[in-house]
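Throughout, read-outs are computed from the coordinates displayed, never taken from laboratory work. Keep in mind that this is a model prediction, so the values were computed, not measured. Cβ placement follows ideal geometry from the backbone for every residue including glycine, while neighbour counts extend to all protein chains displayed.
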Amino acid sequence: MNDALPRDFIRQIIHSDLETGKHTAIVTRFPPEPNGYLHIGHVMSICLNFGVAEETGGRTFLRFDDTNPGKEREEYVEAIERDVRWLGFDWDERLTHTSDYFDALYDYAEQLTRNGLAYVDSLSADEIRAHRGTLTEAGKNSPYRDRPVEDNLDLFRRMRAGEFADGEHVLRAKIDMASPNINLRDPALYRIRHVAHQHTGDKWCIYPMYDFAHTMSDALEQITHSLCTLEFEDHRPLYDWLLDQLKPEHRPRQIEFSRLNLAYAITSKRKLNALVDDGVVSGWDDPRMPTIAGLRRRGYPASALREFVKRGGVTKKDKLIEMAVLENCIREELDFSAPRRMAVLQPLKVVLTNYPQGQVEMMPSSNHPNRPEFGTREVPFSGELFIEQDDFMEDAPKKFFRLKPDGEVRLRNGYIIRCDEVIKNKAGEVVELRCSYDPDTRSGTGTSDRKVKGTIHWVSAAHALPAEVRLYDRLFTVPDPNAAEDFMAVLNPDSLATARVMLEPSLAELGVGEAVQFERLGYFCVDSVDHSAKAPAFNRIVTLRDSWAKVEQQAIAQRG
């Protein structure tokens, strides 16, 4: 047990339970529904459930909540397993499914029915909804609420046997239709669904509802602390009612914490699915998506996501965290771990008129300015180069220290060059610079001690690796797209831009998913889907600096 870790309110409860002997080991669970890909909000739950168990020498179940056949796919199951492992967690032999417990759950449902605490209701879904009442008006009892126990048992068993059509009957708990908590107004426990299940096949045509299945699965797995987000706080009385009535051998405890809400992102699976189905994004793993798969493909390190969750904290208060907090976590990690390379996103050709024709020099270049253990690489230098268009200005202001007519600049790890002539096309656009280099100013070995104020990056034209880069931005234009009347109306039309760029040749050796810093430009990684040796593709992970911070703070402040 690591007592040095900060203790939020959940960890305080857990440590108290261990210290008082209420529990000798902590058991948690992460119970995703396999009806979509996991998103940034799930990272909080994954880190919390697996984290508190790891910290105390406990264990965690990865339990697939597969109670809704028809919307669940094996693709989602595999994606969830992949995402949890990528974040750095494992469940060992504790991979389970709610469907593993369908027999036991059915027995619990029969127990409630035999005890007069559940009944088969034959109202339609609309009629049940109308009887439920509102937040200010009590509900009304179903005319079928007082069916004899034997009739309820007979109907429930016939439901299981497949004698009835979908929606013809439901099994409901008999609690209190006048309860101020709508979740206690005779909630449904089972419904009929003649749909094949991806795990149990055609064995069942009735399926348990989430609240019932989740509660009793927790009990069957001997979960000590069932950690849920705040929207389940009003469901806790039902959770406790089921445990009170059924009295399982083990009684878990539900504790709620606030969701992790990220600005400029949505975490509704329904809305995320709409983005995929409508072709707004290329798929669940589109690097603009807040899914874990999308973040991984974008190049976000798992360690940075864990740090983001840590900084967000575990609280009882809903919060909207600025995108800048996440991106700063990414920058801090990559600043330490990502090697440096040179790339030119907007190429402007430079011809060194006095450089020996055909000569190529190899310039030793550090792979990381602060980590000598990363070593060096050799970068080819020749008489024709590419520099960034923004690194030249024809009518430059006084404090512009990059290249300008008759001005000088140092090429990183290379020579000082002077701009002698500007070549334009018929449209008056600058297409080439004729420059001269000072052979005595080679970095590290030059005999000249003269200095210039500006240093720019470059790529040898003859050795450049052409590639496509994807420049990603926020998917939405407002901090809280969930609050918009139509979230599709606040999509950012500039969330993706592509460019044909020139890279130093060493980048051809970079593996899929590997991240580097393009010097002065940002952090990039090899795309895991579209990249090939013949058609390299890189994703911008994050810029070097946060250009959105002030805009974001003002928008969130206005939102209140």
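Annotation: average projected area of the stretch 343-457 is 8.2 square nanometres, based on the convex hull of Cα atoms across all directions.
Quick check: net charge around ASP166, other residues with Cβ under 9 Å of its Cβ, Lys/Arg +1 and Asp/Glu -1? Taking every Cβ under 9 Å from that of ASP166, the sum is +1.
Out of VAL325, TRP241, LEU348, whose Cα points farthest toward the positive end of the dipole of the chain (charges: +1 Lys, Arg; -1 Asp, Glu; placed on Cβ)? The residue sitting most towards the positive pole is LEU348. Counting every alpha-carbon pair across the chain, the share separated by more than 42 Å comes to 38%.
Spin-label model, ARG129/ARG158: points 7 Å from Cα along the beta carbon direction are separated by 2.7 nm. Remark on ILE206: its backbone amide H falls under 5 Å from those of ARG193, a criterion applied only to residues 5 or more positions apart or on other chains, H modelled at 1.01 Å from N.
Remark on ILE175: its backbone amide H falls under 5 Å from those of ASP186, a criterion applied only to residues 5 or more positions apart or on other chains, H modelled at 1.01 Å from N. Estimated from the Cβ-Cβ distance and a Förster radius of 35 angstrom, the FRET efficiency linking ALA497 and GLU75 is about 0.75.
Summing Cβ point charges (Lys, Arg +1; Asp, Glu -1) relative to the Cα centre of the stretch 178-308 gives a dipole of roughly 340 debye.
Across the stretch 244-253, computed HN-Hα scalar couplings (Karplus, 6.51 cos²θ - 1.76 cosθ + 1.60, θ = phi - 60°) run 4, 7, 8, 6, x, 4, 10, 10, x, 10 Hz from first to last residue, x flagging Gly and Pro.
Computed from Cα atoms, the angle from the helix 40-55 axis to the main principal axis of the chain rounds to 80 degrees. Projected label points at GLU468 and THR315, each 7 Å from Cα along the beta carbon direction, are separated by 4.2 nanometres. Taking 7 Å steps out from each Cα toward its Cβ at PHE374 and ALA533 produces label points 2.6 nm apart. A dipole drawn for the chain from +1 and -1 charges on Cβ atoms has a positive end, and of SER337, VAL360, ALA484 the residue lying farthest that way is VAL360. Counting only Cβ charges, +1 for Lys and Arg and -1 for Asp and Glu, the dipole size of the chain around its Cα centre is about 1280 debye. Taking 0.36 nm per residue of sequence separation and removing the Cα-Cα distance, the LYS349/ASP240 pair yields an extension gain of 32.1 nm.
Which whole-number value in Å³ per residue fits the convex hull of the alpha carbons of the stretch 9-257?
131
Residues with beta-carbon under 10 Å from that of VAL529, excluding VAL529: net charge, scoring Lys, Arg +1 and Asp, Glu -1? It works out to a net charge of -3.
Per-peptide packing, taken as the mean over residues of other Cβ atoms within 10 Å, places 94-104, 455-465 in the sequence 455-465, 94-104 from highest down.
Remark: the stretch 343-457 carries a charge dipole of roughly 300 debye about the Cα centre, counting +1 on each Lys and Arg Cβ and -1 on each Asp and Glu Cβ. One Cα centroid belongs to the stretch 422-499, the other to the stretch 41-85; the line between them spans 40 Å.
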